[in-house]
Amino acid sequence: MKFTFTEKKYDASPELRAYAEKKISKLEKFFRNESDAYVTLFSERGRYTAEVTIKNNGMFYRVTETTSDMFASVDSAAAAIDRQIRKNKTRLEKRLREGAFEKEAAAVAQVQDAVEEEKEFPILRSKRFPLKPMTAEEAILQMNLLGHDFYVFKNTENDDGFAVVYTRKNGGYGLIDCTEE
């Protein structure tokens, strides 16, 4: 597992980094391929937060835990992401399709932060990522894992047409399917 540490308003000791690596690397048993772990540690108003994001085969798992001790935050984050991976691996394997969890991703996501100034509509951040063919259920699962309000994907149930799933304000989910005229 490849680790990337980011610190915001907090200076992590080498012991804390080693502790976080040890705790999070135990999750490697769930993945066949090399995965990336992004660990962000920060402090605000006497509260310590550990945010852990694991990327493997195009799937993202993200948790954020806040406690009064950074070591406890890392422990909680590692336990929460373990639960999340177990829950979603089981769901993917049983409900959606056989082998979905371990399926190879065809492309690597690229994140590009760009600030462009326009007069009327300034674009503050820009992201590039490959569109992965999946079902609407898989897209909702991925959206929930990321903690986003919407998710763009290629809908395998609609001849790989572009689609968007989103969280509705009154509860539930919505699907926007794009078709050519």
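Odds and ends about this structure:
- Extension gain for the segment PHE150 to ILE123, taken as residue separation times 0.36 nm less the Cα-Cα distance, is 7.9 nm to one decimal.
- Too-long pairs where the Cα-Cα distance tops 28 Å, listed order kept, from LYS26/LYS169; LYS2/LYS89; LYS55/LYS87; LYS9/LYS55; LYS9/LYS132: LYS26/LYS169; LYS9/LYS132
- Distance between modelled label sites at LEU131 and SER25, nm, 7 Å Cα→Cβ extension: 4.0
Where a number appears in this text, it was derived from the coordinates with a stated rule and is not lab data. What you see is a predicted model, and the numbers here were worked out from it, not measured in a lab. Reconstructed Cβ throughout: ideal geometry from the backbone, glycine too, with neighbour counts over all protein chains shown.
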